[in-house]
1. Within chain A, which is the longest segment containing none of the GluC sites (Glu not before Pro) that sit in a DSSP loop and have at most 15 other Cβ atoms within 10 Å?
2. Counting other Cβ atoms within 10 Å, keep those with at most 15, restrict to DSSP loop, and tell me which GluC sites (Glu not before Pro) in the range B:206-252 are left.
3. Report, in whole Å, the centroid distance computed from the Cα atoms of the range A:1-80 and the range B:114-153.
4. Can you list residues whose amide H is under 5 Å from B:M209's amide H, if they're 5+ apart or on another chain and H is modeled 1.01 Å from N?
5. Between the range B:233-276 and the range A:114-190, how far is it from one alpha carbon centroid to the other, in angstrom?
6. Any idea what the dipole of the protein assembly as shown comes to, in debye rounded to 20, about its Cα centre with Lys/Arg Cβ at +1 and Asp/Glu Cβ at -1?
7. Of A:I171, A:A16, A:T41, which is farthest on the positive side of the dipole of chain A, counting Cα position, with +1 on Lys and Arg Cβ, -1 on Asp and Glu Cβ, and the Cα centre as origin?
8. Report the gain in length on full extension from A:K140 to A:Q62: 0.36 nm times residue separation, minus Cα-Cα distance, nm rounded to one decimal.
Amino acid sequence: MYEAIGIGVSAGGINALKHIIPILPHDYPLAVIVIQHRIHTAEDFLVEFLNNHSAIRVKEAQLGEVIKPGCVYIGPSGYHLLIERNKTFSLSIDPPVNYVMPSVDVLFESAALAYQDKFIGLIMTGANHDGSKGLAKVKKYGGMAIVQDPATAEVAVMPQAAIDIVKVDYIIPLHEMGIFFKNLKFIGET
Amino acid sequence: MKQNEIQNFEIEQLLEAILFRYGYDFRNYARASLERRVEERLALSSLECVSEMLPKILYDQEFFDLFLKDMSVTVTDMFRDPQVYLKIRETLFTHLRTYSRINIWHAGCATGEEVYSMAIMLEEEDLLKRTRIYATDYNNHSLEIAKKGIYPANKIKQYTSNYLSAGGKASFADYYQAKYESAKIKESLKRNITFANHNLVKDQVFAEMHLIMCRNVLIYFDRKLQDRVLSIFKESLIHRGFLVLGEKENLNFSCVKEAFETFAHKERVYRRANYV
C-alpha cells in the first residue's frame with residue numbers, strides 16, 4: 001500500500017489542483033505533498049484557498065513535521081521541501097533547481113529515498129522541465145509515476161517532459177484525476 | 001539489501017572520514033539536503049557511488065575543498081523577507097538605541113547579503129557608528145565572498161525593491177558601485193563589520209550580544225544540533241536581548257523555549273525572557 005503522493009505543478013497549477021484536492025475525503029489514507037512553483041512572498045494564499053475548498057485538511061509543510069496520512073501539505077514558497085528518511089519534512093535554501101524554488105525534483109528525489117516503493121509521483125501542468133528527473137528516481141526506487149495527459153494541461157511542457165524521459169505507469173486526463181486518486185487504494189492493494 | 005540503505009551507510013562513512021581528516025563535523029546536519037549535495041558532487045566528478053568519494057576525501061585535499069565549496073552555496077538576498085527588516089527597523093532599533101554600544105551577531109552569515117542589509121539600516125538610523133557587527137560562518141569560501149561584498153548586478157533590481165519594502169529611506173544605489181556585471185558594496189558600510197570563522201557545530205560563545213540574527217541556518221541542522229546552537233545564542237545574549245530566526249524556523253520544540261518570549265511571531269523575533 002502506498003503511503004504518500006507527491007504532486008508537482010507549475011503554470012496553471014491552481015486550476016489543476018482544484019480538480020484533485022477538493023475531491024479527497026477528510027480521512028484519505030495517504031499523505032499528499034504538493035509543490036506549486038510560485039514566487040516567494042510574505043502573503044501566500046494557496047494553502048488557505050485549497051483548505052477552504054476541501055474536506056481533507058490542507059496546511060503548509062512545517063520544518064521537522066511528521067508526515068501523516070489524511071493531510072495535504074503544501075511546500076512553502078522560497079524554500080525547497082525535502083523528506084527525511086524518518087518521514088519528516090526539512091527545508092533548504094539551496095540554489096534553484098531548473099530555475100525554480102521550490103523544485104519538484106528536489107522533493108521527489110528525497111521522497112524516493114525516504115518512501116521507496118511507497119511513493120507516487122504526479123506531474124501536472126507547467127512550462128518548464130522540473131520534476132522529470134525526480135519522477136525517474138521515484139521509478140528507480142520502485143514507486144509509481146503518473147503524469148497528467150498533456151492534451152488536458154493548461155501548459156503541456158512539464159507533463160510532456162516527464163513522459164519523454166520516464167516510463168510512466170499512468171497518463172490521466174485532468175477530469176479523471178480526482179476520481180483516480182480518490183479510488184487509489186484499490187490500485188495499491190495487490 | 002536496499003540501495004538507499006547502502007547509500008545511507010556510505011554517507012555515514014563519508015562524514016566520519018571528513019571529521020577524522022579535516023575536523024568538520026557534518027554528522028548532525030539535516031540529512032536529505034546533505035545527501036542531495038553529495039549526489040550532485042558524485043555526478044559532477046563522474047563517480048559511481050559515495051564510497052568512491054572516500055579515498056578522494058582522505059587523500060586529496062583539493063577534492064575536499066570542492067565538497068566544502070558545494071556546501072557553501074545557499075541562496076539569499078539582500079533584505080530577504082523585507083517585512084522582517086521593516087519590523088527590526090521600526091521596533092527592535094528603538095530598544096537597541098538605548099545602549100551606548102551595540103553588538104550584533106550574524107551567525108551563519110553565508111555570503112553576507114543579510115549582513116550588509118543590516119548595516120544599511122543601521123546607517124540610515126544613525127546607529128552604525130556605535131555598532132559592531134560580528135558576521136561569522138564556518139565556511140571560508142562563503143566568508144571570502146561576504147568580505148568582498150560583490151554581488152551579481154542582475155540581482156540589484158530585486159534588492160532595490162526589497163530595500164524599499166523594508167522601509168529604506170534613501171536610494172539603494174547609494175550603497176553600491178556598479179561595475180560591469182557586478183555591484184560592489186560601499187566600503188564605508190564594512191567599517192563596523194568583523195568577518196570571522198566560527199563553527200556553530202563546535203565553537204563557543206565569544207561575546208555578549210544585543211541582537212543575534214540567524215536566519216535559515218537551523219533548517220540545515222537536526223534537532224540535536226539546533227538545540228546546541230540555540231543554547232549558545234541564549235548564553236550569548238544580554239538580558240532582554242533579541243534573536244531573529246528564519247521565517248520557517250521557531251523555538252517551539254527547542255530546549256531554550258522557556259528562556260525566550262515571542263516578540264513578533266510572524267517575523268520570528270524572540271527576546272530573552274525576564275530572569276525569574
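Every number here is computed from the coordinates shown, using simple stated rules; none is lab data. These numbers come from a predicted model, not from an experiment. Please note: Cβ atoms are built from the backbone with ideal geometry, for glycine as well, and neighbour counts cover all protein chains shown.
1. A:66-188
2. Passing sites in the range B:206-252 are B:E208.
3. Taking the Cα centre of each part, the range A:1-80 and the range B:114-153 sit 37 Å apart.
4. Under 5 Å from the amide H of B:M209: B:L237, B:I238.
5. Here the answer is 42 Å between Cα centres.
6. 1140 debye
7. Value: A:I171.
8. 25.3 nm
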